[in-house]
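Structure record follows, encoded as C-alpha cells.
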Amino acid sequence: MKSPKSFRFPSSTLALLALIILARVLTLGVPDFIDTTEGRYATVAKLMLDRDDWVTPYINFKGVVEPYLGKPPLHFWLMDISYLIFGQNTFAGRLPSLLSAIGIGVSIWLLGAAALSAEAAMVGVLVLASSCLMFFLAGSVVLDVTLTLGITIALCGFYLADRSRLAGYLFFAGLGLGVLVKGPLACVLAGFTIAPWALNSWLQTKSLPLQLRSLPWITGILLFLAITIPWYWWAEIRNPGFLEYFLWNENFGRYLKNDYGDEYGTGHRQPFGTAWLFMLLGLFPWSLILLAFIATSWRSVFSTQSFRKLRDDSLLLYAFTWTVSCPVLLMAAKQYTGTYIVPSLPGFALLAGVLWDRQKANGWLTNSTLENTLRYTLGILGASLSIGATISLWYSSPILSACAGIVIGAYICWAAITQSKLPNLAAASTRVAAITAITFSFVLLCYSDNLSNNRSARRVLERASTLAPGNTPLRVGFPFGIPFSSNFYAPLMTSRPITVQLLTEEQIPNADVDVIVVRTKDASKVEQLKHLGPQLGTVGRWSIIQAR
C-alpha cells in the first residue's frame, strides 16, 4: 500500500472527532430502548443469552417465544458479548453499533490515506462522523451499522486488492461478515458499487480492472464460505424451512411485493424514489452544503467536462457508485426504512475526500466558490438549527433547551464574526461539523425523556409496580400488542418482579392480571376498560388501570 502523504489537517479536527465519539459513548444509555426496532432486537439478543442458544435467535412475538428467522445472528452475538461484559442494559445493547461505526471510520481513513492522502482521508471521516443518520444510528440497536461495517471492509479491501494480498482477503471476509448480519444483501450492495465501476473500466481499457484480477478468488471464496456456511447450515438443521423463508421472503420478497409474507410484523411501504429523500436527510448537513453548491455552480457541475472527469477518475467513480448504490437499489423497492441507505454513507464520505484531494491537486473548483458555500451554509445551518431546536425542545426539556439555545447562539455569533477570517476549506468544514455535532447532542439529550416515556415501556412498568397494590409479583396486561421493550425490561425489574401478557379486547374484563397498561388515547375508546378499577396513573402516552 502507498504510505499516507503528509498530514496537514487542523489538529482541532482530531479533538472534534474524539468529542463526537465521546458524546455517543456518554449518551448510549439514553433514551430507553425504543419500540419497535430497538426493543425487538434487544430482546432477541437477550433471549439468545438467557436460553444459552447461540445458533437460533428467538423473539417474544405476541406473547409467544419462537425462533426468529428474519435475521442472521452476528449482531446479536456482539450484543450478547456486550451483555456479558457490561450487563443487560441500554449501554451494552447499543455498544456494538458504536464500535461498528468507529470501524467504518477507520476503514474509510485507511483507504483514503492509502489512495489519496491523510488529509483527504480525514475529510471523509469528518463528514461521516457528523452526518445525521450515522451520528444517531451509531448509538442505536440496529443491524444496519454492523452490516455497513462488513460492506465497507469489503469495498475498501477490494479497491486496494492490487496493492495488498491482505486487502483481497478483507474483501471476502467483509462480505462474509455482512452476510452474517443481514444475508445476501451485503453481496448485492457491494455488486451495485463494483459492477458499474468495472464496466466503465472495461469500456475504457477493454480489460478487467486490476483489482478484479488481483483478488485471491479460490482461497477468498473458501474464506467467505468458512465464515457463512456453518451457521446457515446449522440454522436450517435446527429450524427446517429457515433458508426458504429467509432467502426468499426477507431478501427478495420485500423488494418485489407489498405483502411479502412478513412473519414478525408489517413492512414499511414507501413511494417510488423515497430512498433519495432518505439519503439527503441521512447526510444532513453535508447534503445541504452539496445542494447549495450545486445550486450556485450547476453549470460546471453538469458540464461535459465534469462527466468526463468522473468517467476517467477511477477512485472518484468508485466513490460515486458506492454513494448511489443504496438509493438506486431501493428506488423501486416496495418496502424498506430510512436506515437501509446507511451502507451508502461511507461512499459519500469517501467521495468528499476524493473531491477534496482533486480540488487541492488540480484546482477543479475555485476555492472561493466552495469556501463561500461552506461559510454561508454555516450561517444558515446554525441559525436554523438554533431556532428550530430551541423551540421544539422547549416542550420536552425547557432547561436543557434554554442551555442549548444559549450555547448554540453564542457559537453562531462567534462563527458569524470570524467566518470571513477562515483560512481555508479545512477550517470552514470543521466548523460546520462542530456546530452540527453540538446540536445533535443537545437534541438527543433533550428528547431522551420524551422518547423514554412515550416510545418505550421501562418507565411505565416501574411506575405500575409502585402504584399497584401489594408487593407480590406484578402481572401486567397490554391490550392489542405487547411492546417489545417490555419483554426486555420486565424480567430485569428488581424491586418487584413483573410479567407481561397480551390481552385481546374480549379478554380484558376477566383477565388474570393486576393492572392493564394501555395507550391513553385508546383507554376511553375501549368499552371494557370503563368497567374495571380506577386509573392509577399515567406515564407519557400510557395509562395504568387497575384490573381488579
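Taking the criterion of being in contact (Cβ under 8 Å) with a residue 60 or more places away in the chain, outside any loop (DSSP other than H, G, I, E, B) and not basic (Lys, Arg), the residues of the stretch 15-37 that qualify are 16, 17, 19, 20, 21, 23, 25, 37. Residue 125 passes every criterion in (1) assigned to a helix (DSSP H, G or I); (2) in contact (Cβ under 8 Å) with a residue 60 or more places away in the chain; (3) open to solvent by less than 10 Å² (accessible area, probe 1.4 Å); (4) touching a helix residue (DSSP H, G or I) at 6+ places or on another chain (Cβ under 6 Å) apart from (3). When 418, 430 are checked against the criterion of being in a helix (DSSP H, G or I), on the phi < 0 side of the Ramachandran plot, open to solvent by less than 20 Å² (accessible area, probe 1.4 Å) and modelled with pLDDT under 75, 430 stands alone in meeting it. Given the structure, is residue 505 among the acidic types (Asp, Glu), touching a residue at least 24 places away in the same chain (Cβ under 8 Å), touching a helix residue (DSSP H, G or I) at 6+ places or on another chain (Cβ under 7 Å) and over 30 Å from residue 133 (Cα atoms)? Considered against the rule, which asks whether it is among the acidic types (Asp, Glu), touching a residue at least 24 places away in the same chain (Cβ under 8 Å), touching a helix residue (DSSP H, G or I) at 6+ places or on another chain (Cβ under 7 Å) and over 30 Å from residue 133 (Cα atoms), residue 505 comes out as yes. Condition (residue is assigned to a loop (DSSP other than H, G, I, E, B), surrounded by 17 or more Cβ atoms within 10 Å (Cβ to Cβ) and at pLDDT 70 or above) applied to the stretch 252-268: is it met by at least one residue? No: the stretch 252-268 contains no residue that is assigned to a loop (DSSP other than H, G, I, E, B), surrounded by 17 or more Cβ atoms within 10 Å (Cβ to Cβ) and at pLDDT 70 or above.
Note on the stretch 458-472: residues that are open to solvent by less than 80 Å² (accessible area, probe 1.4 Å) and either at pLDDT 90 or above or in a helix (DSSP H, G or I) (or both) total 8.
If you scan the stretch 467-496, which residues turn out to be among the hydroxyl-bearing types (Ser, Thr, Tyr) and touching a strand residue (DSSP E or B) at 6+ places or on another chain (Cβ under 9 Å)? Spell out the reasoning first.
Here is the first cut: in the stretch 467-496, the ones among the hydroxyl-bearing types (Ser, Thr, Tyr) are 472, 485-486, 489, 494-495.
Of everything in the stretch 467-496, those that are among the hydroxyl-bearing types (Ser, Thr, Tyr) and touching a strand residue (DSSP E or B) at 6+ places or on another chain (Cβ under 9 Å) turn out to be 486, 489.
Yes/no per residue for (1) among the hydrophobic types (A, V, I, L, M, F, W, C); (2) without any contact (Cβ under 8 Å) to a residue 24 or more places away in the chain; (3) touching a His at 6+ places or on another chain (Cβ under 9 Å):
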{"site": "452", "(1), (2), (3)": "no, no, no"}
{"site": "478", "(1), (2), (3)": "yes, no, no"}
{"site": "492", "(1), (2), (3)": "yes, no, no"}
{"site": "526", "(1), (2), (3)": "yes, no, no"}
{"site": "530", "(1), (2), (3)": "no, yes, no"}
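Restricting to the stretch 68-92, count the residues that are open to solvent by less than 50 Å² (accessible area, probe 1.4 Å), assigned to a helix (DSSP H, G or I) and more than 13 Å from residue 48 (Cβ to Cβ). So the count comes out to 2.
The values are calculated or read from the model by the stated rules, or taken from the named source; none is laboratory data. Keep in mind the model is a prediction, meaning the values are calculated, not measured. Ideal geometry is used to build each Cβ from the backbone, glycine not excepted, and the neighbour counts take in all protein chains shown. Surface areas here come from the heavy atoms of the whole protein model, side chains and all, with no ligands, DNA or RNA. Shrake-Rupley method; radii C 1.70, N 1.55, O 1.52, S 1.80 Å.
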